[in-house]
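A.B. asks: Let me give you the structure first, and then I'll get to my questions.
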Amino acid sequence: LRLILLFVTILLIVVSAGKTPSSTLTEEQRERVKEIEKEIERLKLGKKTHPRAYVKGIRYYTSGEYARVVLDVTRLSEYRVKEDGAGVRVILPSARSLLRGKDATIREKKGFLREVRALSSGESLEVRIALASRGRVKSFTLPDPPRIVLDFYPVEEKGKGREGVVTRRKFDKNPGKVVVVLDPGHGGRDPGAVGRYGTKEKWVTLKIARKLKGLLQKDGRFSVVLTRERDVYLSLEKRAAIANAAKADMFISIHTNASRRRWARGVSTYLLGRKATDRDALELAMRENGEMAKEGGISTILLDLLNYGKERESLRLAKSINDSLYGAVKRRSRRTRNLGVKRAPFYVLFGSSMPAVLVEVCFITNPTEEKLLRRDSFITSVARAIYGGIVEYVEKTRTALYEAGR
Ligand SMILES: [Zn+2]
């Protein structure tokens, strides 16, 4: 069938070329004809060929001491990362770039990321990344849509440690404060789950986050960053990038649960795990990751890269928040359930370098819980409960965030 399709394509090109002088074929069209001819040769030889991977977009986020580069690709293929002085080279064998001119190069004057360039060299594609100083890199891939995510952190020069601390204390915007990044789920064109009375998850999560921000700021010990302050769309990989850039001490993504079973109800809190705790956890993660997510799509990701080894702290934070939240919801709705702390592969938590959890406040698809979520007094109780969980976690943290100068 592929042979026939290719043959038809060739015919069409030949026919269209026949109508006009062949000299009017553009350079690109001639290249395409050559590629198709090569492809036919390969098929004749019986070699198995995978469809070629193309890089179709480069996105990036940078702050003074952190950068994230996302390569949008047509399909996931093998790639190698090489650290090279104050730069990193990402090599994608047999991949091609669809980027032309300005799109293929990014230049920044400020920030840790200085330059990104996509260059074709022979059969492979090379993405060269220049940093302000020597950096270490961590990378992982996400499917649906396929993308390669690269995180960059500066390498601390030996002997400069003390000076670094002093400098940071002097210039840190929030010396001695615990930095909390709150992530109201969904937003903009992504409403999240919608209840029977039309309540949209994106509004509930934003209301809770705003209220919680107020409580944490009033406390005085916290510095709070919201990934979104308004009803805007934000990619999942940008949310964790904001937390990494803010050097957050914790990352809390706020959501409401949903189920096809309208009687499903209760409170649960998640941390990252490659394998989901149960069927419900997996279905939930797939929904939160986007409709296109398929089971098994993330098998190539190394476990230690998921949350860069903050599992134990994430578990403590999740337990603390979940207990506090369940207590508060139960006071308002006696029939609610404690679904507990679970694990699932939530993309929004991938690559976060601090304790990170995802809270599923209630079921927006349960009419009783939806009615509660529409009430401002309930939103306040939920925010207070999460605040209580955060405070308990911080006060019990042995590593003593305050004493460490954070
Ligand atoms: Zn959600």
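A.B. asks: Is there a residue being in contact with an Asp or Glu (Cβ under 6 Å, 6 or more places away or on another chain), within 15 Å of the ligand (Cβ to nearest atom) and open to solvent by 10 Å² or more (accessible area, probe 1.4 Å) anywhere in segment 222-231?
C.D. replies: Taking every residue of segment 222-231 in turn, at least one turns out to be in contact with an Asp or Glu (Cβ under 6 Å, 6 or more places away or on another chain), within 15 Å of the ligand (Cβ to nearest atom) and open to solvent by 10 Å² or more (accessible area, probe 1.4 Å).
A.B. asks: Enumerate the pairs (first residue in segment 75-93 and assigned by TED's automatic domain parsing to the domain that holds Leu131 and assigned to a loop (DSSP other than H, G, I, E, B); second residue anywhere and among the charged types (D, E, K, R) and open to solvent by 30 Å² or more (accessible area, probe 1.4 Å)) with beta-carbon separation below 8 Å, excluding pairs fewer than 6 apart on the same chain, so at least 6 apart or on different chains.
C.D. replies: If the second residue must be among the charged types (D, E, K, R) and open to solvent by 30 Å² or more (accessible area, probe 1.4 Å), the pairs left are Gly85/Arg134; Ala86/Arg134; Pro93/Glu78; Pro93/Arg80; Pro93/Glu123.
A.B. asks: Any idea which of Asp323, Asp376 is more than 24 Å from Glu283 (Cα to Cα) and surrounded by fewer than 24 Cβ atoms within 10 Å (Cβ to Cβ)?
C.D. replies: Asp376
A.B. asks: Scan segment 243-259 and give yes if some residue there is in a helix (DSSP H, G or I), open to solvent by less than 30 Å² (accessible area, probe 1.4 Å) and either not assigned by TED's automatic domain parsing to the domain that holds Ala318 or not polar (S, T, N, Q) (or both), otherwise no.
C.D. replies: Yes.
A.B. asks: Within segment 111-146, track down each residue that is open to solvent by 40 Å² or more (accessible area, probe 1.4 Å), more than 21 Å from Ser352 (Cβ to Cβ) and either touching a strand residue (DSSP E or B) at 6+ places or on another chain (Cβ under 8 Å) or not assigned by TED's automatic domain parsing to the domain that holds Thr74 (or both).
C.D. replies: Scanning segment 111-146 gives Arg114, Glu115, Arg117, Leu119, Ser120, Arg128, Ala132, Ser133, Arg134.
A.B. asks: Moving on to the next point. Test each condition in (1) at pLDDT 95 or above; (2) out of contact with any Ser or Thr (no Cβ under 6 Å at 6 or more places or on another chain) for Arg265 and report the one that comes out false.
C.D. replies: Tallying (1) at pLDDT 95 or above; (2) out of contact with any Ser or Thr (no Cβ under 6 Å at 6 or more places or on another chain), Arg265 fails exactly one: (2).
Each row is one residue, and each column tells you yes or no for (1) in contact (Cβ under 8 Å) with a residue 40 or more places away in the chain; (2) on the phi < 0 side of the Ramachandran plot; (3) away from the ligand (no atom under 16 Å from the Cβ).
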{"site": "Gln217", "(1), (2), (3)": "no, yes, yes"}
{"site": "Gly220", "(1), (2), (3)": "no, no, yes"}
{"site": "Ala241", "(1), (2), (3)": "yes, yes, yes"}
{"site": "Ala246", "(1), (2), (3)": "yes, yes, yes"}
{"site": "Phe251", "(1), (2), (3)": "yes, yes, no"}
{"site": "Arg274", "(1), (2), (3)": "yes, yes, yes"}
{"site": "Leu282", "(1), (2), (3)": "yes, yes, no"}
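The values are calculated or read from the model by the stated rules, or taken from the named source; none is laboratory data. Since we're looking at a predicted model, the values are computed, not measured. Every residue, glycine among them, receives a Cβ derived from its backbone with ideal geometry; neighbour counts consider all protein chains shown. Keep in mind that these areas ignore ligands, DNA and RNA; they rest on the heavy atoms of the full protein, side chains included. Shrake-Rupley method; radii C 1.70, N 1.55, O 1.52, S 1.80 Å.
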